[in-house]
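Chemist: Below is one structure. I have some questions about it.
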Amino acid sequence: MSNISKLLGAVLVWICCGCGATVVIAQDFPTKPIKYVVADAPGTTGDTVARILAPGMSKAIGQPVVIENKTGAGNRIGFEYVAKLLPADGYTFAAVTVETLALLPVTAKVLSFDPLKDLPPLVGLGGGRLVFGTSGKSPWKTFNDLVAYAKANPGKLNYGASAAVVRFPMEAVIGALGLSVVHIPYASAAAYTQSLIAGDIHMGFVGELPAIALGEKMQVLAVTGEQRRAPFLGVPTFVELGLPQISDVNYSLNVRSGTPKAATDRLASAASDALKQPEVMASFQKIGFHINVKSSEAAAIMLAERAKLFSDIAKRVGIKPE
């Protein structure tokens, strides 16, 4: 056998062995516990979503899925921990509120990672609705009534927000309809909600469960979501109102860029399987979480679209990173 033939033979053996090793890795993953990093504090919605999903994923994937809270700096600490500090081996993924991640480029002055490139989604999970309304004592009984008054009285109405995740949807409404409405910032959600129902501010967004709890104290004028769902069947969605960009607060599972596809596919499959488990579905229904599984590609498109929307709003309003 010539030297060239021997070399070709050795290369073929190496290729075959390499391919075989890849198959084994794909079949064996995971072989140890998986870390589920939550950038939100215990008791928050993001943390609750993770604690419902983790046992279902453990059951589906055959290994413990262990939650680790890494909080602080508006979720940046947890996100950076996964995106930059841990290996891209599939044994760590992050719980992500899509809107929070998409907001970072326009709200955070210092970032050690690119939210869209360094922490891509492996699967979209679904989300919770945002509810737009005013005080139950206000004169406006429909969304169009409020819009008509705002247009006829520029600068006379205001809205409140205690966080960017509810301020930016409000600014999206204002920009799309050409309204002049004053922003009133609040340091806490509790103070903001109290002012809303008291009529001290004229409009704003809250989560679905708080809106349900407020009952008649809040006049609900519109909700996010692709279609109407109880308990707001008599309220139009923003899709119906011609404002589809005003969406739910969405959640996804994200990994460090460069994580092997075999691992991300396995994790995505485990999450999808968990979301079909009756106990997981029942628990999500109790907290107003609407399951809507998206592929990694579809989830990445959604993240990019939210980031573009928020960037455009920040430029229009003059919001600067802090």
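Chemist: Any chance you could count how many residues in the stretch 29-45 are open to solvent by less than 20 Å² (accessible area, probe 1.4 Å) and not in a loop (DSSP other than H, G, I, E, B)?
Modeler: Counting residues in the stretch 29-45 that are open to solvent by less than 20 Å² (accessible area, probe 1.4 Å) and not in a loop (DSSP other than H, G, I, E, B) gives 4.
Chemist: Taking the stretch 157-167, which residues are open to solvent by less than 10 Å² (accessible area, probe 1.4 Å) and either of a type in the set (A, V, I, L, M) or touching a Leu at 6+ places or on another chain (Cβ under 7 Å) (or both)? Explain how you work it out, then say what you get.
Modeler: Step one: list which residues in the stretch 157-167 are open to solvent by less than 10 Å² (accessible area, probe 1.4 Å), which gives 157, 159-161.
Once the filter is applied, which keeps residues that are open to solvent by less than 10 Å² (accessible area, probe 1.4 Å) and either of a type in the set (A, V, I, L, M) or touching a Leu at 6+ places or on another chain (Cβ under 7 Å) (or both), the stretch 157-167 yields Leu157, Gly160, Ala161.
Chemist: Another question about this same structure. Surrounded by 21 or more Cβ atoms within 10 Å (Cβ to Cβ), among the small types (Gly, Ala, Ser) and in contact with a strand residue (DSSP E or B) (Cβ under 7 Å, 6 or more places away or on another chain), is that true of Ser247?
Modeler: no
Chemist: Say we look at the stretch 250-277 and pick out the residues that are surrounded by fewer than 19 Cβ atoms within 10 Å (Cβ to Cβ) and part of a loop (DSSP other than H, G, I, E, B); which of these is nearest to the chain's Cα centre (by Cα)? Steps first, answer last, please.
Modeler: Taking the stretch 250-277 first, the residues surrounded by fewer than 19 Cβ atoms within 10 Å (Cβ to Cβ) are 257-258, 260-262, 265, 269, 272-273, 276-277.
After this cut, where a residue has to be part of a loop (DSSP other than H, G, I, E, B) as well, the list is 257-258, 260, 276-277.
On the way: Ser257: 18, Gly258: 21, Pro260: 23, Lys276: 20, Gln277: 21 Å.
Restricting to residues being surrounded by fewer than 19 Cβ atoms within 10 Å (Cβ to Cβ) and part of a loop (DSSP other than H, G, I, E, B), the top hit is Ser257.
Chemist: Can I ask one more? For the stretch 113-152: of the residues being touching a residue at least 60 places away in the same chain (Cβ under 8 Å) and among the basic types (Lys, Arg), which is surrounded by the most Cβ atoms within 10 Å (Cβ to Cβ)?
Modeler: It comes out as Arg129.
Chemist: Which strands (runs of 3 or more DSSP E) does the stretch 131-234 wholly contain that include 3 or more residues that are more than 21 Å from the chain's Cα centre (by Cα)? Give the steps one after another, and end with the answer.
Modeler: Details: elements: 157-161, 181-185, 204-207, 218-223.
Of the strands (runs of 3 or more DSSP E) lying wholly inside the stretch 131-234, those with at least 3 residues that are more than 21 Å from the chain's Cα centre (by Cα) span 157-161, 181-185, 218-223.
Chemist: If you scan the stretch 283-295, which residues turn out to be part of a helix (DSSP H, G or I), open to solvent by 40 Å² or more (accessible area, probe 1.4 Å) and either β-branched (Val, Ile, Thr) or touching a residue at least 60 places away in the same chain (Cβ under 8 Å) (or both)?
Modeler: Looking only at the stretch 283-295, we keep the residues that are part of a helix (DSSP H, G or I), and these are 283-286.
From what's left, open to solvent by 40 Å² or more (accessible area, probe 1.4 Å): 283, 285-286.
If the condition is that a residue be part of a helix (DSSP H, G or I), open to solvent by 40 Å² or more (accessible area, probe 1.4 Å) and either β-branched (Val, Ile, Thr) or touching a residue at least 60 places away in the same chain (Cβ under 8 Å) (or both), then Ser283 is the only one that fits.
Chemist: Looking only at the stretch 296-322, which residues are open to solvent by less than 50 Å² (accessible area, probe 1.4 Å) and free of Cβ contacts under 8 Å to residues at least 40 places away in the same chain?
Modeler: Once the filter is applied, which keeps residues that are open to solvent by less than 50 Å² (accessible area, probe 1.4 Å) and free of Cβ contacts under 8 Å to residues at least 40 places away in the same chain, the stretch 296-322 yields only Gly318.
Chemist: Answer yes if at least one residue in the stretch 211-234 is within 29 Å of Gly78 (Cβ to Cβ), loosely packed, with under 15 Cβ neighbours inside 10 Å and small (Gly, Ala, Ser), and no otherwise.
Modeler: Yes.
Chemist: Considering every residue within the stretch 46-66, establish whether at least one is in a loop (DSSP other than H, G, I, E, B), more than 16 Å from the chain's Cα centre (by Cα) and charged (D, E, K, R). Working first, answer last.
Modeler: Quick first cut of the stretch 46-66, residues in a loop (DSSP other than H, G, I, E, B) only: 62-64.
Narrowing the set further to residues that are more than 16 Å from the chain's Cα centre (by Cα) leaves 62-64.
So of that shortlist, the ones also charged (D, E, K, R) come out as none.
No, the stretch 46-66 contains no residue that is in a loop (DSSP other than H, G, I, E, B), more than 16 Å from the chain's Cα centre (by Cα) and charged (D, E, K, R).
Chemist: Does the stretch 80-112 hold any residues that are open to solvent by less than 50 Å² (accessible area, probe 1.4 Å), touching a residue at least 60 places away in the same chain (Cβ under 8 Å) and either part of a loop (DSSP other than H, G, I, E, B) or farther than 15 Å from Ala163 by Cα (or both), and which are they?
Modeler: Here is the first cut: in the stretch 80-112, the residues open to solvent by less than 50 Å² (accessible area, probe 1.4 Å) are 80-83, 86, 88, 90-104, 106-108.
After this cut, where a residue has to be touching a residue at least 60 places away in the same chain (Cβ under 8 Å) as well, the list is 82-83, 86, 88, 90-103, 106-108.
Matches in the stretch 80-112: Val82, Ala83, Leu86, Ala88, Gly90, Tyr91, Thr92, Phe93, Ala94, Ala95, Val96, Ala108.
The values are calculated or read from the model by the stated rules, or taken from the named source; none is laboratory data. As the structure is a prediction and not an experimental result, all values here were calculated from the model. Every residue, glycine as well, gets a Cβ built from its backbone with ideal geometry; the counts of neighbours run over all protein chains shown. Ligands, DNA and RNA are stripped out before the accessible areas are found, and what is left, the full protein with its side chains, is counted by its heavy atoms. Shrake-Rupley method; radii C 1.70, N 1.55, O 1.52, S 1.80 Å.
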